[in-house]
Amino acid sequence: MSDYFCGWYFKCQSDQQTLAVIPAIHKSKKEKSCSIQLITNEGTWRIFLPYTHFQQQTGKFNILVGENYFGEKGLSLCCNGKDCSVTGSVKFGKFLPIRYDIMGPFRYLPFMECRHSVLSMRHSVIGELRVNGVNYRFQNGIGYIEGDRGYSFPKEYAWTQCFFENGSIMLSVADILLGSFHFNGVICIIQWQRKEYRLATYLGAKAVKIEKGEIVVCQGDMMLSVKLIEKSVHPLLAPINGGMYRTIHESAACRAAYCFKQKGQTVFS
């Protein structure tokens, strides 16, 4: 495939701070490069490096972008951009994976714009990263890691991820393009008190409400509602036909309400 991107989202969170680091490789007919983007509650920064600075160990989750390491054991950063300087390292604890591929049978469909993966719903984070003179300390921190690959982000999508006591949740609702056919695709994992719940289009899930910052997803006897209360968005770059030409807006952390019900009974809220 001539147009291609592959990236990972590493979220590190403490009681007071949130920092997400996004290493990626991307190539289009016009150019190819690799990048590191950072997002906090205060802003976003990006560093571009030559395409040849990207290395990934075959069969293992070990990635190098220049002198910067990303993997199962942690991440280590030492890089400078036009308006960004970042150094430091954090260590990860044991990953909490999901039971099977989040894409389900969709992973076998050819020519999809974007394929999602979830590497860890929750793990410990210990260490310190310094971004433009600000220290992000994670003593008893929590982490989440996911990935995307393909050639373009969906034209429209909503995404959220949240840690809470005894649990973690990830939900994405996106406009899925298959040839000339469009539909709203749902993928969601809820890990709660050592149980895993999955809502997905391939299991019969439907987004019955998408409006004014609120999403309601139903599947069988399960219903999940998510409502944005207060946003704090910052710009990130996203791929179109392999190139990082699109600007999207995401929050590293914001206020939202989650309610999950099964058989009409509230599991958590």
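Computed over every Cα-Cα pair of the chain and binned at 10 Å starting from 0, the pair-distance distribution P(r) comes out as 6, 29, 37, 22, 4, 0 percent. Dipole magnitude for the range 11-95: computed about the Cα centre from +1 point charges on Lys and Arg Cβ and -1 point charges on Asp and Glu Cβ, it is near 400 debye. Distance between the modelled labels on ASP15 and VAL134, one decimal in nanometres: 2.0 nm (7 Å Cα→Cβ projection). Computed from Cα atoms alone, the Kirkwood hydrodynamic radius reported for the range 1-48 is 11.9 Å. For an R0 of 51 angstrom, estimate the FRET efficiency from the Cβ-Cβ distance between SER180 and ALA256 and round to the nearest 0.05. That pair, SER180 with ALA256, gives E of 0.90. Filter the cross-link list LYS82/LYS212; LYS60/LYS82; LYS27/LYS155; LYS155/LYS209; LYS60/LYS231 down to pairs whose alpha-carbon distance in this structure exceeds 28 Å. Checking Cα-Cα distances, LYS82/LYS212; LYS60/LYS82; LYS60/LYS231 exceed 28 Å. Here the average projected area of the convex hull drawn through the C-alpha atoms of the range 1-159 stands at 10.1 nm².
One chain, two ends: HIS53 and SER117. Fully extended at 0.36 nm per residue, the span grows by 20.7 nm beyond their Cα-Cα distance. Shape analysis of the range 80-178 places it in the oblate category; the axes a ≥ b ≥ c from the Cα gyration tensor give an a/c of at least 1.5, with a/b not above b/c.
For the range 21-93, which GluC sites (Glu not before Pro) are in a loop by DSSP, counting at most 10 other Cβ atoms within 10 Å? Sparse-neighbourhood loop GluC sites (Glu not before Pro): none present. Report the Cα centroid-to-centroid distance between the range 149-167 and the range 51-101 in angstrom, as an integer. Value for the Cα centre distance between the two parts: 19 Å. Once all protein chains are placed together, ARG115 keeps about 40 Å² accessible to a 1.4 angstrom probe. Across the options GLY104, GLY213, CYS254, the greatest Cα extent toward the positive end of the charge dipole of the chain (unit charges at beta carbon of Lys, Arg, Asp, Glu) belongs to GLY104. With each label modelled as a point 7 angstrom along the Cα→C-beta vector, the ILE248-LYS29 pair spans 2.4 nm. Element breakdown for the range 1-143 at a 1.4 angstrom probe: carbon and sulfur atoms account for 52% of the accessible area.
The values are calculated or read from the model by the stated rules, or taken from the named source; none is laboratory data. Source: prediction; values computed, not measured. All Cβ positions, even for glycine, are placed from backbone atoms using ideal geometry, and neighbour counts span all protein chains on display. Protein only, heavy atoms only, side chains kept; ligands, DNA and RNA dropped before computing areas. Shrake-Rupley method; radii C 1.70, N 1.55, O 1.52, S 1.80 Å.
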